[in-house]
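Coordinate-derived values only; no laboratory data. Just so we're clear, the structure is a prediction, and the values are computed from it rather than from any experiment. All Cβ positions, glycine included, derive from the backbone under ideal geometry; neighbour counts span all protein chains shown.
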Amino acid sequence: MTDAPKHLESLSRREMIAATAAALVTPLLQAGAVTTPPAVGVPGKFLTAVEYALLDELTELIIPADEHSPGARAAGVAGYIDGRLAESLEPDWQAQWRSGLQAVEGLSRELNGKPFLEATPDQRVAVLIRMAAGEQDPKTAPERFFRELKGWTARGYYTSKIGIHLDQEYKGNVYQRGEFAGYDAK
């Protein structure tokens, strides 16, 4: 790594993965700089308007807008997930998403006494934190749904133009100067 900045040369692969994971979690507690209005009353291809608005808000909480790049809402992550659900030939998977969104509503009512979208921003984050608490060993419906939601949110965001070019700052195939850093099967 001859052209890498000096502060990156000392990072191990494990430290880089840990830093990336921390970067995905940290925004949950930060206020966003660049915001996109929520998708209220917009019916999806598969989801109802209420389900779509809930999904849109959940994905934005997982990957919010910040000073570096727009969030999941601007990247159209809810539309991406809704489109995959609409195209799916697996009714069980579609039913899993509907019941998962209902579980989020149930948890919000349990914790806050109101539907998720009527809760305050802090109450919404509290619901998401409760869902994420059991991510490693999910036992409840909201905890199981969180794993699915998080995975599809990351997939949708990091395959979008915003995720690839603005957040990851991918420049495309470029000539790499210096020592070859790829795999050489000699």
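Worth pointing out:
- Proximal charge balance of ASN112 [Cβ under 9 Å; K/R count +1, D/E count -1]: +1
- Counted charge near ALA74, where neighbours are those whose Cβ lies closer than 14 Å (Asp, Glu -1; Lys, Arg +1): -4
- Sequence ranges 56-65, 143-152, 129-138, 164-173, ranked by mean other-Cβ count within 10 angstrom, highest first: 56-65, 143-152, 129-138, 164-173
- Members of LYS45/LYS150; LYS45/LYS139; LYS45/LYS171; LYS150/LYS171 lying beyond 28 Å, as alpha-carbon distances in this model show: LYS45/LYS139; LYS45/LYS171
- Contour excess over end-to-end distance, with Cα ends at LEU166 and ARG147 and 0.36 nm allotted per residue: 4.3 nm
- Rough spin-label spacing in nm, given labels placed 7 Å along Cα→Cβ, for ASP92 and THR120: 4.2 nm
- Spacing of the modelled spin labels on GLN102 and THR159, each 7 Å from Cα toward Cβ, amounts to 2.7 nm.
- Each Lys or Arg adds one and each Asp or Glu takes one away; over the other residues whose Cβ falls under 13 Å from the Cβ of ASP137, this sums to +1.
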